[in-house]
1. Quick check: residue separation of Arg193 and Thr167 times 0.36 nm, minus the Cα distance between them. What number comes out in nm?
2. Leaving out ligands, DNA and RNA, and with a 1.4 Å probe, what % of the accessible surface on the chain is carbon or sulfur?
3. Under the rule a/c < 1.5 gives rounded, and otherwise a/b versus b/c splits prolate from oblate, where does region 1-88 land using the Cα gyration tensor?
4. If I histogram all Cα-Cα distances within the chain using bins 5 Å wide from 0, what percent of pairs lands in each bin?
5. Among 66-75, 137-146, how do they line up from the highest to the lowest mean number of other beta-carbon atoms within 10 Å?
6. Determine the percent antiparallel among the DSSP beta bridges restricted to the chain, to the nearest 5.
7. What are the membrane-span-like helices in the chain by this rule: whole DSSP H runs, Cα extent along the axis at least 27 Å, mean Kyte-Doolittle hydropathy at least -1.0?
8. How would you order 162-169, 43-50 from highest to lowest mean count of nearby Cβ atoms within 10 Å?
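The values are calculated or read from the model by the stated rules, or taken from the named source; none is laboratory data. In this text, all values refer to a predicted model and were calculated from it rather than measured experimentally. For neighbour counting, all protein chains shown are included, and Cβ atoms are generated from backbone atoms with ideal geometry for every residue, glycine included. To get the accessible areas, we keep the full protein, side chains included, count just its heavy atoms, and leave off ligands, DNA and RNA. Shrake-Rupley method; radii C 1.70, N 1.55, O 1.52, S 1.80 Å.
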Amino acid sequence: MAGSCNAVVLISGSGSNLQALIDSQGEGNPLRIRAVLSNRADAYGLTRAKNAGIATQVLDHRAYEGREAFDAALMEAIDVFRPDLVILAGFMRILSPAFVRHYEGRLLNIHPSLLPRHKGLHTHRRALEAQDSEHGCSVHFVTKELDGGPLVIQAVVPVQPGDSEETLALRVYLQEHRIYPQAVRWFAEGRLRLTPQGAVLDGETLPATGHLIRT
Ligand SMILES: Nc1nc2c(c(=O)[nH]1)N[C@@H](CN(C=O)c1ccc(C(=O)N[C@@H](CCC(=O)O)C(=O)O)cc1)CN2
Ligand SMILES: NCC(=O)N[C@@H]1O[C@H](COP(=O)([O-])[O-])[C@@H](O)[C@H]1O
């Protein structure tokens, strides 16, 4: 990664986290997003990438016979760009063990909950149904355990009386757009890495929560 950190971003939807990462480039940040790949052709994130002059490609998972076949095609498409880092930014497919093995240690994800609470989908609704007083978002290294990889950063947001899924999601999004660019920049600068002991930042193993931010 001499000088710059080549990244490929995987999306499935709006791409607001992708936009935050695009906007974080430059100003001494070694991050260089070389391509954006989506499993959905209607993902608005593809438009964001094109507007930023970034290469895009769609691989529709429904066109493949099973998860492993899709993941094999995805790896082939990703490796064309020889990435130092693969970033999941609202990518809504569970990745096979073969995919994770291939990229482990250079594969990050952002999840809209305070992991390990509310792994999986529909996290804002589940936080409200559980009457959680706090919610938030987590950046983690991706492992074969779904949403179970070592945490890098978490941002905590309060759940407010009368919150709907939409109002809570907006509050979480604001923090996602802060913590993901920060975590990615740490990796791009060579400060963040995955070890058997967990996520390590500047030589120090991070706590189980990762770097915790309270808003
Ligand atoms: N092996 C891993 N794969 C993925 C991880 C991970 O930690 N390990 N993180 C997810 C991201 N994610 C939550 O942060 C997530 C994405 C998708 C799903 C899911 O159930 N997907 C369904 C399809 C849903 C759809 O198409 O709308 C599926 O793949 O069958 C759960 C969690 C990314 N992958
Ligand atoms: N389990 C994965 C998951 O739910 N990821 C979530 O999808 C949204 C994508 O928004 P975006 O496309 O605007 O970045 C984000 O809230 C992200 O945390």
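1. 6.0 nm
2. 50
3. On the way: a/c = 2.67, a/b = 1.45, b/c = 1.84.
It comes out oblate by the Cα gyration axes.
4. 1, 7, 16, 19, 21, 17, 11, 5, 1, 0
5. The densest-packed peptide leads the list: 137-146, 66-75.
6. Working: 18 of 40 bridges.
For the chain, the DSSP antiparallel bridge percentage is about 45.
7. 165-188
8. Working: 162-169: 13.8, 43-50: 19.6.
Packing proxy ranking, top to bottom: 43-50, 162-169.
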